[in-house]
2 protein chains.
Amino acid sequence: MFEAAEIDHKVSKEKFKEAEMELHQRVLTLQQRLRESSKSLIIIVSGVEGAGKGEVLDRLNRWFDTRDVETHAFFDETDEEIQRPRYWRFWRCLPARGKVGIMFGSWYTKPIVDLALKKSDEADMDQELTRINALEQMLSIDGSIILKFWFHLPKHKQKRRLESEAEIKKLKKSPLLKDFSKSYDSFLSVSERAIRVTDTGLAPWHIIGATDMKYRDLAMGSILVKTLEEALADEEAAGANPAANPGESDDDIVAAILNGEANRARVLDSVDLSQQLEDKDYDEQLLALQEKLHGLAWDMFKLRRNMVMVFEGWDGAGKGSAIRRVTAAIDARLYQVIPIAAPTDEELAHHYLWRFWRQIPRSGHITIYDRSWYGRVLVERVEGFASKPQWLRSYQEINDFEEHLTNHGTVVCKFWVHIDQEEQLRRFKSRETDPRKQHKITDEDWRNREKWQKYEEAVNDMVTHTSTANTPWTLVAGNDKKFARVQILETICDRLQAVVDAEKESKPAKAD
Amino acid sequence: MFEAAEIDHKVSKEKFKEAEMELHQRVLTLQQRLRESSKSLIIIVSGVEGAGKGEVLDRLNRWFDTRDVETHAFFDETDEEIQRPRYWRFWRCLPARGKVGIMFGSWYTKPIVDLALKKSDEADMDQELTRINALEQMLSIDGSIILKFWFHLPKHKQKRRLESEAEIKKLKKSPLLKDFSKSYDSFLSVSERAIRVTDTGLAPWHIIGATDMKYRDLAMGSILVKTLEEALADEEAAGANPAANPGESDDDIVAAILNGEANRARVLDSVDLSQQLEDKDYDEQLLALQEKLHGLAWDMFKLRRNMVMVFEGWDGAGKGSAIRRVTAAIDARLYQVIPIAAPTDEELAHHYLWRFWRQIPRSGHITIYDRSWYGRVLVERVEGFASKPQWLRSYQEINDFEEHLTNHGTVVCKFWVHIDQEEQLRRFKSRETDPRKQHKITDEDWRNREKWQKYEEAVNDMVTHTSTANTPWTLVAGNDKKFARVQILETICDRLQAVVDAEKESKPAKAD
């Protein structure tokens, strides 16, 4: 989910100055329109420690005319607050119509911290998140514009940032700093879940990479301006159709303010396609990994745990040959490969997920999907077979579906096999000339190739919305087929080994 | 929530025969239209044991052309099912477009039974209900018409029904029968919560009183026919605006098929207004109760528990004088009376619940609302100050609000002080002639009186939607003011006594 926010974005000083001034002016104009409207604006500022949330607050307070802006930091509860239902403190801070309330810490803080520190369990957090969704929906329908920002830092950058902060300004150090840094992973996976469950049409989350401070503030500002513009233009229709208004992606909005100056980097750009393997290394590693996988598949069978693998990737990326290297290692009784083509009549007569539910493996078995339910947000999106509201909705539906799988104990491995455009061209041409491969290349492949950029956007959004702690996407460096196969086998073995180790730990072998 | 379903409805044999035949024909016609549509129909049949769910299934299977209808009873999970995620069994049974699936037992069974038998906690159930809401929303947007029936029996009627069933047809007795009957109360309060949380615009619940079998089947049939008609007429707009379509109330729908023959009884009709108290009894009981309340209020203060009382009722029903009998008993430092009039400017600039959140009492204190947030679903509904989607939404919002209170440990007592129209007329006239009371009667009171029936409907719906196990409505028999005051004081003392006893049990007094 945070993959896209970990990509480096750099903004030059000049560009920042220019764009910042423009945003400042637009915020002031919009604030005046807000004053005259029946709407209020709630800005929630959250994210990992060290992302500079305090600086974001300063920026917001510089942009707004502060007369109608209140900033609320929710830290310890006061006596007055403890003696009342927990949401009382938030209700007393809600901005009136025409005004702005900036929340530093919010109703999200407690459920996330409690679960991360294991003071509550997942069901408790979900119950709280359901309350939050109800609150936000209620306020939103009543005319509140709710803008939720999550500022993200990769782990190593957080560490560096916190250390340098600690040196420079000892005074501003949060007392929780040590806890946060230590438990980065657990906080992040809990936050990811909280964001996913509360990423609703009425109050969507905006995840912003905070590595470059200039980019961070411009991204925040351009999303703020865009959201306010749409909400205020929409004023007349308010309440009539409170459904999600799928506008541009955050990415597009930020790019617009930067006039294309900053690089519009995608998650796929983070894959190092130059990686390759020598034949000798490949042969050795492949054999070792296949032997390992063979044993692990039997271990999983004995443990009654099942596994689902999903293979997606560019045409010609080598999904099929990679799958064959996987299945070659597994006993034929234990796996099934399901190639996903156009749906049958019967499948078309049901919800699009129905065909995938049908094929869920029994305990101890492995199902390999050659293409999958992600077609909904890839080919169906790009080709227009699914409408925008439909494929936007699918992210949540797919996450829910995969959660049903993982709750049952299924291990889910998802691979996007990546190659670049030149490599694809090389492979297409060789297919055309090699009589044994000609059946593999069709006009459709050439047509799809023309939509490269659209697919790139779709993959970026797919990874952002559906890569979760339990069901991560693995982006495979596929220009070198050998490297790709080893990367895939390694990933599968690592995931399975972790499961087998965990099972052994929880059920120690009985003494004979 | 089940109050309205406990009212006796009787249908004559002749009326039943005629209406049943009409429904049968309409179902067949609608089924043909369904076949030609892109929609499917899912009927969920649930309710208390003994309500005749099996008979309802028989009726449905008689009405439908069974070629495109499948009935699924979900009982024990098969081996195949246990080895897959829990929802797999439901997905395999989902009807295709054009077809009907009747679910006897469903995704609701396990979460309700688990919580009732204490195999799970409330947060677990809520997590499951969130999954159910997601599933139903997904299916509904995809074109499934989801019809959820809950068949209800009052406790004493269930007991009688189960006993007579056990005698007549020993073979059909469910093995769980004994459990269900024994734990009626706990099942009912858990079911109430499940229904409340999943009563969504896209898949609302229909609660049907099952005491009279003829009424039960006609009510079920008329709601089925009405829902199908609307959904099929709506086919073109499908998916475009999946918001709730607030049509007529179930009550109106059923009344239409009965052509006004059956009594359209309301919950208020169940109040026995003939109850009264002699002066001597009144004086004695009032004094005793006030003394008791005085002590209980101090007990609550010491326990740091607070209380909220809500008084609603007809104009002239005696709310004010009843409140004075309550406050007379409580130390002035411990309570506050909040009369709710038209909202201030500041209040209008916020969500309608904001003004009530402001006034939540601190620990150990009592707040008495003379009129309340229920104005939203009473006067604002009847006068058209709130739109239908707005006040329909409020039931859920109010339930959530009161759950915030009860989760914090607040005791919530809600009174509707009831009188009949004749009694109101008598009181209005006496106010007009008595100079000390003239200020109490305005033109508005006379205008409101003309809307008696609309208010009656609003009160009926209010009680149905917002009377929950933790926050029940007490309908006060107000024709005799003395009786009403004693009933109110008694109710308050009983609730507080139960809380004080429970607290003492959980924290036994320390030995000195």
Would you calculate the separation in nanometres between label points at A:His24 and B:Asp283, each defined as 7 Å from the Cα along the Cα-to-beta-carbon direction? 8.0
Considering all projection directions equally, how large on average is the shadow of the alpha-carbon convex hull of chain A, in square nanometres? 29.4
Hull volume in cubic angstrom per residue (convex hull over the Cα atoms of the protein assembly as shown): 233
Check each of the GluC sites (Glu not before Pro) in the stretch B:369-415 and keep only those in coil by DSSP with at most 13 other C-beta atoms within 10 angstrom; list them in order. B:Glu383
Could you please report the charge total around B:Phe301, scoring K, R as +1 and D, E as -1 over all other residues with beta-carbon less than 13 angstrom from its beta-carbon? +2
Over the stretch B:1-145, what number does the Rg to Rh ratio reach, with both radii from the alpha-carbon atoms and Rh per Kirkwood? 1.00
Nearest-0.05 FRET efficiency for A:Glu347 and A:Arg449, computed from C-beta distance (R0 22 Å): 0.20
Inter-copy spacing of A:Asn407 label points, which lie 7 Å from Cα along Cα→Cβ, given in nm from shortest upward: 1.9
Of the heavy-atom accessible surface of chain B (probe 1.4 angstrom), what whole percent is carbon and sulfur? 50
I want to check the label-to-label distance for B:Ala469 and B:Met213. Put each point 7 Å from Cα in the C-beta direction and report it in nm to one decimal. 3.1
Using just the C-alpha positions of the stretch A:260-341 as equal point scatterers, what log10 of I(q)/I(0) does the Debye formula give at each q in 0.17, 0.20, 0.22, 0.26 1/Å? -0.91, -1.10, -1.20, -1.32
Do any GluC sites (Glu not before Pro) in the stretch A:6-65 lie in a loop, going by DSSP, with at most 13 other beta-carbon atoms within 10 Å of their beta carbon, and if so which? A:Glu36
Out of the trypsin sites (Lys or Arg not before Pro) in the stretch B:393-437, which ones are loop residues according to DSSP with at most 16 other C-beta atoms within 10 Å? B:Arg436, B:Lys437
Using Cα atoms only, what is the angle between the long axis of helix A:452-466 and the major principal axis of chain A, expressed in degrees (0 to 90) to the nearest 10? 70
Taking a probe of 1.4 Å and leaving out DNA, RNA and ligands, the stretch A:72-161 shows per residue an accessible area in Å² of 38
On complex formation of A with B, accessible surface lost, both sides summed, probe 1.4 Å, nearest 100 Å², amounts to 4500
Once you place label points 7 Å from the Cα toward the Cβ at A:Lys13 and A:Glu505, how far apart are they in nm? 5.0
Which Cβ of chain B lies nearest the axis of the rotation superposing B onto A, and at what whole-Å distance? B:Ala123, 2
Shape of the stretch A:356-432 from its Cα gyration tensor (a ≥ b ≥ c, root eigenvalues): rounded if a/c is under 1.5, otherwise prolate when a/b > b/c, or oblate? oblate
Excluding same-chain residues fewer than 8 positions from B:Lys507, which aspartates and glutamates have a Cα within less than 16 Å of its Cα? B:Asp299
Restricting to aspartates and glutamates and to Cα separations under 13 Å from A:Lys440, and discarding same-chain partners fewer than 8 apart, the set is A:Asp315, A:Glu432
First select every other residue whose beta carbon is under 14 angstrom from the beta carbon of B:Leu94; then total the charges, Lys and Arg +1, Asp and Glu -1. +1
In nm, what does the list of distances from A:Glu284 to its counterparts in the other copies look like, shortest first, when each label sits 7 Å along Cα to Cβ? 10.1
Helix-only CD estimate at 222 nm, as mean residue ellipticity for chain A, using -39500 (n - 2.57) per DSSP H run (n ≥ 4): -16000 deg cm²/dmol
Straight-line reach from B:Lys414: which lysines have a Cα under 17 Å away, not including same-chain ones fewer than 8 places off? B:Lys319
To the nearest 10 degrees, how steeply does helix A:279-302 sit against the main Cα axis of chain A, on a 0 to 90 scale? 80
Could you please report the charge total around A:Lys437, scoring K, R as +1 and D, E as -1 over all other residues with beta-carbon less than 11 angstrom from its beta-carbon? +3
Got a sec to turn the phi values of the stretch B:359-376 into Karplus ³J(HN,Hα) couplings, 6.51 cos²θ - 1.76 cosθ + 1.60 with θ = phi - 60°, whole Hz, x for Gly and Pro? 9, 5, x, 6, 3, x, 10, 10, 10, 10, 9, 8, 6, 7, 4, 6, x, 4
Give the whole-number value, in cubic angstrom per residue, of the convex hull volume spanned by the C-alpha atoms of the stretch A:68-146. 99
Pull up all non-local amide H partners of A:Tyr369: gap of 5 or more, or a different chain, and H-to-H distance under 5 Å with H placed in the peptide plane. A:Met309, A:Val310, A:Phe311, A:Ile338
Based on alpha-carbon centroids, what's the gap between the stretch B:467-503 and the stretch B:48-121 in Å, whole number please? 39
Return one number: the angle in degrees, 0 to 90 and rounded to the nearest 10, between the long axis of the Cα atoms of helix B:481-506 and the longest principal axis of the Cα atoms of chain B. 70
List the distances, in nm to one decimal, from the label point of A:Arg324 to the label points of the same position in every other copy, shortest first, placing each label point 7 Å from Cα along the Cα-to-Cβ direction. 9.4
Among beta bridges that DSSP assigns inside the protein assembly as shown, antiparallel share in %, nearest 5: 0
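The values are calculated or read from the model by the stated rules, or taken from the named source; none is laboratory data. As the structure is a computational prediction, the values presented were derived from the model and not from experiment. So basically every Cβ, Gly included, is an ideal-geometry build from the backbone, and we count neighbours across all protein chains shown. Side chains included, ligands, DNA and RNA excluded: accessible areas come from the protein's heavy atoms. Shrake-Rupley method; radii C 1.70, N 1.55, O 1.52, S 1.80 Å.
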